[in-house]
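The values are calculated or read from the model by the stated rules, or taken from the named source; none is laboratory data. What you see is a predicted model; the values in this text were computed from it and never measured. All Cβ positions, glycine included, derive from the backbone under ideal geometry; neighbour counts span all protein chains shown. Side chains are part of the model used for accessible areas, which takes the heavy atoms of the whole protein and leaves out ligands, DNA and RNA. Shrake-Rupley method; radii C 1.70, N 1.55, O 1.52, S 1.80 Å.
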Amino acid sequence: RALTTFGRVTLVTVLGTTATFMYFAAKETHPPAWQKPFDKDKKTVVILGSGWAATSMLKNMDTEEYNVVLVSPRNYFLFTPLLPSVAVGTLEPRSVIQSTRYVARHKARRVSIYEAEALKVDPHAKQVTIADLSDIKGDVNNMTIPYDILVYAVGAETQTFGIPGVKEHSCFLKELPDAEKLRERVMDCIESAAFPDQSEAEVDRLMHMIVVGGGPTGVEFSGELHDFIKDDLRSWYPELADKLKITLVEALPNVLPMFSRELIQYTESTFKEQNIEVLTKTMVKEVKDKTVVVKNDKGQIEELPYGLLVWAAGNVSRPITRDLMAQLPQHQTNRRGLLVDDYLRLLGVNDVYAIGDCTATSYAPTAQVATQQGRYLARLLGQIAKKEELETKLAELRGERSGLPEGPEGKVKNNAEEIESVVKQLNKASKIRPFHYSHQGSLAYIGSDKAIADLPFFNGNFASGGVATFLFWRSAYVSSLFSLRNRTLVMSDWLKVKLFGRDVSRES
Ligand code: FAD
Ligand code: NAI
């Protein structure tokens, strides 16, 4: 009754527009009928992976020019920068993933997406063997697919250096199931410590969470874990909150070697305030089921009891990548990853491009690099298709090919003006620039609503840390999430945690 007629009309209009928008937004997620089908006259690009590099490539690629087949063991894209938040329940797992089919929904030509793992690439026969390794398989679950162009973007796996016990006893933080497992294990340690009549030594062990690796993954997870203790553990398990201890173990003299000196010091002093113990110059030698053996900064061997051990010691090539390297021994000589030229072409073979963490380049293995490489490659393939199309057109105009359509007087067209115009376009399309990486800065969350940022500023560097940087960190990541759906889910998770705290129930 309080509303005027104008107010009512406005309200109805806004609600109507919102409902219409939401209806069409929901509808558009299905593969539209107008998408073109597979075209046998076009080249087929097979993309391996659905991570940063592959998704950026797919998103930016003009599928008008190619048939595209994407193969990945997971049918979604994972926004890795927010993975540490999932591991402590600040964010829900589904808020940081996006279905790959959703990414492909607007493409001019329908993209074939196979949830399968590539087992072997044969770069000489130009084919990939793939298999469905998921729990449920159909009668057909293994096949070999041919490609004209292969985009190899399978990422990397967690480096263990062959240290005994790492695979058996520690948790990784690389994929979504790792974060879900971690969240569950943290709660399991706490509930086991709360079991009646537990000895003090056993409570201390169960409540000791060791993070190995002082790179950004280890640092961000330590910060998130600290927040969980400060914000939630204290209210739900007051008798245990003070027993929880976080130790970050790093082999080098300091954490975060890729950040500037002042931000390293800022992180170390913030961790001190948060009671996170940082053991630098300390190398893990062995992981046992309840203790970890380290060589400390004085060169002595120590055994530290733990309840949870998180292993974040960097990247190593996947077995399929090592197999691909072994097939090209003269060119693929870097153990860190695949060697590519300035146009991201795999050295030693034609028609294979490699992007992202599976490569060994002068850039750090980051999402930023992988995204820019994917975008570049999408443009490059578009340019190559254009060039080939112009070459065909020019040949037709010059009458150099047999079986060409004939001109009005039964002669092959030879229009000088048109030829000149095509030659100009061809010259332009032939100017292919090499990949150039543009560094946008490094960001990391360090706990207590603080983040650090090293940003390029004119020809120098701008370093900042604290709460304002944290707000920048959040807005930067929310804006780089791939869809409105993800942005809405992430922001509502943050709000939920602010209002109700993190959920401490264990799911399995
Ligand atoms: P990935 O994103 O790992 O994707 C690889 C894809 O290949 C996956 O879809 C995988 O399922 C698929 N695959 C694997 N094996 C096969 C196979 N045999 N056949 C077919 N497909 C296969 N970088 C930043 O720049 N900023 C950050 O804030 C940041 N935060 C991070 C936080 C965490 C916790 C982690 C782990 C990494 C973070 N990174 C960050 C690094 C960033 O995630 C990687 O550099 C990036 O994921 C590399 O992209 P990629 O596409 O090469 O590999
Ligand atoms: P990393 O390679 O950056 O760091 C691993 C650390 O583990 C190294 O400092 C290494 O010295 C240490 N280590 C290795 N073996 C050890 C041992 N036995 N004992 C003790 N310490 C040991 O790995 P991380 O953090 O997983 O990052 C991988 C990539 O992803 C990097 O390129 C990083 O820049 C990127 N990334 C970026 C983020 C960001 O920008 N916020 C967040 C997470 C990852």
May I ask what percent, to the nearest 5, of DSSP beta bridges between residues of the chain are antiparallel?
55 percent
Of the accessible area of the chain, with the probe set at 1.4 angstrom, what percent is carbon plus sulfur?
54 percent
Quick one: ranking Glu417, Glu286 by accessible area, 1.4 Å probe, largest first, what do you get?
Glu417, Glu286
Residue-by-residue Karplus 3J(HN,Hα) for region 182-190, coefficients 6.51, -1.76, 1.60, Hz, glycine and proline x:
4, 4, 5, 5, 4, 5, 5, 4, 5
Would you list, by chain and number, the lysines whose Cα falls below 23 Å from the Cα of Lys137, excluding same-chain residues fewer than 8 positions away?
Lys120
Sequence-distant or interchain residues sharing an amide H contact under 5 Å with Leu119, placed H: which?
Thr129, Ile130, Ala131
Tabulate in residue order the Karplus-calculated ³J(HN,Hα) for region 111-126, using 6.51 cos²θ - 1.76 cosθ + 1.60 with θ = phi - 60°, rounded to whole Hz; enter x for Gly and Pro.
8, 8, 10, 10, 7, 7, 9, 6, 9, 7, 10, 10, x, 7, 7, 6
Just the number please: accessible area per residue for region 278-377, 1.4 Å probe, all protein chains included, in Å².
47 Å²
With every protein chain in place, the accessible area of His439 for a 1.4 Å probe, in Å² rounded to the nearest 10, comes to 90 Å²
For the chain, what is the calculated [θ] at 222 nm in deg cm²/dmol (nearest 500), taking -39500 (n - 2.57) for each run of four or more DSSP H residues and dividing by its residue count?
-11500 deg cm²/dmol
Rounded to the nearest 10 degrees, what's the angle between the helix 467-480 long axis and the longest principal axis of the chain, both from Cα atoms, 0 to 90?
30 degrees
Give me the distance in nm between label points sitting 7 Å out from Cα along the Cα-to-Cβ direction at Ser362 and Asp148, one decimal.
3.4 nm
Can you give me the long-range amide H partners of Lys285? Hydrogens built in the peptide plane at 1.01 Å from N, cutoff under 5 Å, separation of 5 or more residues or another chain.
Val293, Val294, Lys295
So for region 194-265, taking the charge dipole from beta-carbon charges (+1 Lys/Arg, -1 Asp/Glu), which of His208, Leu248, Leu233 sits furthest toward the positive end?
Leu248
